[in-house]
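Notes to accompany the following structure.
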Amino acid sequence: MLSSFALWLGGCARTVLNQPVHREGDGWTLVVRKVTDGPNRFDKGDVIIKPPAEERFIWVTITLRNDQQRPRSFDFNHCNLDWREELLVPDLVNHDIGIGYAVELPHQPELAAGESIDRRLVFAYPEARSPTRLRCESMVIPLPSF
């Protein structure tokens, strides 16, 4: 298990953004903590998921907080990377825990008032192209070219 985890964690990822970027909007606080180009595998323990041909995975590590005084759902399908005229939504939503196998989590979690969650959003993205930004609801984070 440890060797599988080491492969998952270090499997050819290049760090694109490694400093917190804070955004607020619509009663949410979003902190993008890290963006990596790769690894190009998602190890679920019994199966390894790889991106489609001519694509790679872009991983976005975030913290999301519900700033409202009531429980609400957040739809991670409203997070996207731009590509030409298209908006690419996450293929996988994963916990942000450094041990164990990756687990796909619901794309629409409910957060209690003031609750925060940490997630990794995994996007399949065309090779040799770079998104210019990440958007979650009304919150936009520019990305450097990579």
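The values are calculated or read from the model by the stated rules, or taken from the named source; none is laboratory data. Computed from a predicted model, the values in this text were never measured in an experiment. Quick reminder, even Gly has a Cβ in these numbers, built from the backbone with ideal geometry, and neighbours come from all protein chains shown.
Figures for the structure shown
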| item | result |
| --- | --- |
| Region 22-31, subset buried (at least 17 other Cβ atoms within 10 Å of the Cβ) and over 14 Å from the mean Cα position of the chain (by Cα), residue nearest to residue 74 (Cα to Cα) | 28 |
| Strands (runs of 3 or more DSSP E) (entirely within region 60-130) containing at least 3 residues that are among the hydrophobic types (A, V, I, L, M, F, W, C) and either in contact with a His (Cβ under 8 Å, 6 or more places away or on another chain) or touching a residue at least 40 places away in the same chain (Cβ under 8 Å) (or both) | 79-83, 116-126 |
| Close pairs (8 angstrom Cβ cut-off, 6 or more residues apart or separate chains): closer than 19 Å to residue 81 by Cβ and touching a residue at least 24 places away in the same chain (Cβ under 8 Å) in region 42-58, of a type in the set (S, T, N, Q) and assigned to a strand (DSSP E or B) anywhere | 42/94; 58/36 |
| Some residue of region 32-53 being among the polar types (S, T, N, Q), surrounded by 14 or more Cβ atoms within 10 Å (Cβ to Cβ), in contact with an Asp or Glu (Cβ under 6 Å, 6 or more places away or on another chain) and at pLDDT 95 or above | no |
| Failed item in (1) over 20 Å from residue 143 (Cα atoms); (2) touching a residue at least 24 places away in the same chain (Cβ under 8 Å); (3) part of a loop (DSSP other than H, G, I, E, B), with residue 39 passing the rest | (1) |
| Counted residues, region 123-136 - those being surrounded by 16 or more Cβ atoms within 10 Å (Cβ to Cβ) and either out of contact with any Asp or Glu (no Cβ under 8 Å at 6 or more places or on another chain) or at pLDDT below 95 (or both) | 3 |
| Considering residues of region 57-81 that are closer than 16 Å to residue 17 by Cβ and buried (at least 18 other Cβ atoms within 10 Å of the Cβ) only, the residue nearest to the chain's Cα centre (by Cα) | 60 |
| Pairs, first part of a loop (DSSP other than H, G, I, E, B) in region 15-30, second among the β-branched types (Val, Ile, Thr), C-beta under 7 Å, six or more apart | 20/31 |
